[in-house]
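Below is one structure, written out as structure tokens; the observations come after it.
None of the figures in this text is laboratory data; all of them are computed from the coordinates on show. Source: prediction; values computed, not measured. All Cβ positions, even for glycine, are placed from backbone atoms using ideal geometry, and neighbour counts span all protein chains on display.
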Amino acid sequence: MEPYAFFKGEYMPLKDAKIGILTQALHYGTATFGGIRANWDEEKQQFCLFRVWDHYHRQLNACKILNIHLPYDENDMAKHTVEVVKRTGFKQNVYCRPLAYKSSEAIGVKLHDIDDDWFVLATTLPPYLGEGGIKCCTSSWRRVSDTQISTHGKVTGIYVNSALAKTDANRAGFQEAIMLNEAGHVSEGTGENIFVVIKGQLVTPPPCDSILLGITRDTVMQLAKNELGMETVERAIVRSELYIADEAFFTGTATNVAPISEVDNRPIGTGETGPITAKLQKLFMEVALGRNPRYSEWYTILKP
Ligand SMILES: Cc1ncc(COP(=O)(O)O)c(C=O)c1O
């Protein structure tokens, strides 16, 4: 059992996959990554690779923006991902990390006339933000806007912005940072989308507030509508609304649905996981494990 990769057209143990130190993407952040879960169902002894096609569709859109041309489509990428998960030999939750990147070993900031490549690796991932309610702060770093770098793809260069916010938050004793955009609207966490419940309404920032269009965000919106009869309102949220929200939670592939217990030392609601968050958390975990047949188009089931 070991982490595995599909790299330069071949399957190999992760420890054997290496890139040169002059690789363009390493110097200039000219790459786009993904994060896809293969959730292990202990009862059924199988993995559910969750919304893999949608993850690759988003990554290929980011490739368009970054002028990255790959010889793969969503189906090829999904096929290689299934194979690397199998080759790990793991029987536990596996996290897949694809990266499409500017692969020429050349100096010079640009996107054109440079080779491109794509790999995917599969490894294990401990709970991303720990267990239980998350204590957050509002970051003094503003979320990068789409006028600076496209925020609709997971462009590696953007994550310097997230890393600055995350480290400051952690050093100040918080688990996660909530970033505002240049207009002062709540945007998202450093690697998660955010939802609040205010007066029984489920609210999340709109696509134009510098957010990544999260696949977990979309999943939660569909589950809220279909299973709880709740339409999600996409509208600008201001900082004060976070403090007075009845419930708040993050969504993301690494995090799943994670309740926020405090923002800037103020408890959210009672400080305990709220009822809507708890319902959505449960509904989400069912689909993430491939257990709800209504959403079978989201699942790629694979036996180790
Ligand atoms: C900045 C940012 N926002 C939101 C998300 C959540 O996206 P998804 O639900 O597709 O994992 C991520 C995921 O890594 C992210 O990096």
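Across the options W141, G290, T156, the greatest Cα extent toward the positive end of the charge dipole of the chain (unit charges at beta carbon of Lys, Arg, Asp, Glu) belongs to G290. Report, ordered by chain and residue number, the lysines lying within cross-link reach of K303, taken as a straight Cα distance under 28 Å and ignoring same-chain residues fewer than 8 apart. Qualifying lysines at Cα under 28 Å: K8, K15, K44, K79, K86, K91, K282. Take the Cα of E43, step 7 Å toward its Cβ, do the same at S140, and the gap between the two points is 4.9 nm.
When the alpha carbon coordinates of the chain are projected onto the principal axes, the ranges are 52, 47, 32 Å, largest first. GNM remark for the chain: springs join alpha carbons under 10 Å apart, and the peak mean-square fluctuation among V197, V287, V109 falls on V109.
Cβ-Cβ distance of E182 and S296, R₀ of 45 Å, FRET efficiency by 1/(1 + (r/R0)^6): the value works out to about 0.65. In summary, segment 134-288 shows an alpha-carbon radius of gyration equal to 0.95 times the 2.2 N^0.38 Å reference for compact globular proteins. Cα-based radius of gyration for segment 232-304, normalised by 2.2 N^0.38 Å, reads 1.36. With a Förster radius of 51 Å applied to the C-beta separation of K18 and K282, the computed FRET efficiency comes to 0.75. Reducing segment 98-170 and segment 190-252 to their Cα centroids gives an inter-centroid distance of 21 Å. Rounded to the nearest Hz, the phi-derived 3J(HN,Hα) couplings of segment 269-276 under the Karplus curve 6.51 cos²θ - 1.76 cosθ + 1.60 (θ = phi - 60°) are x, 7, x, 9, 4, x, x, 6, where x marks glycine and proline. If one computes the Cα centroid of segment 75-89 and of segment 1-70, what distance in Å separates the two points? Comparing the Cα centres of segment 75-89 and segment 1-70, I get a distance of 10 Å. Shape class for segment 1-151, computed from the alpha carbon gyration tensor (a ≥ b ≥ c): oblate, with a/c not under 1.5 and a/b at or below b/c.
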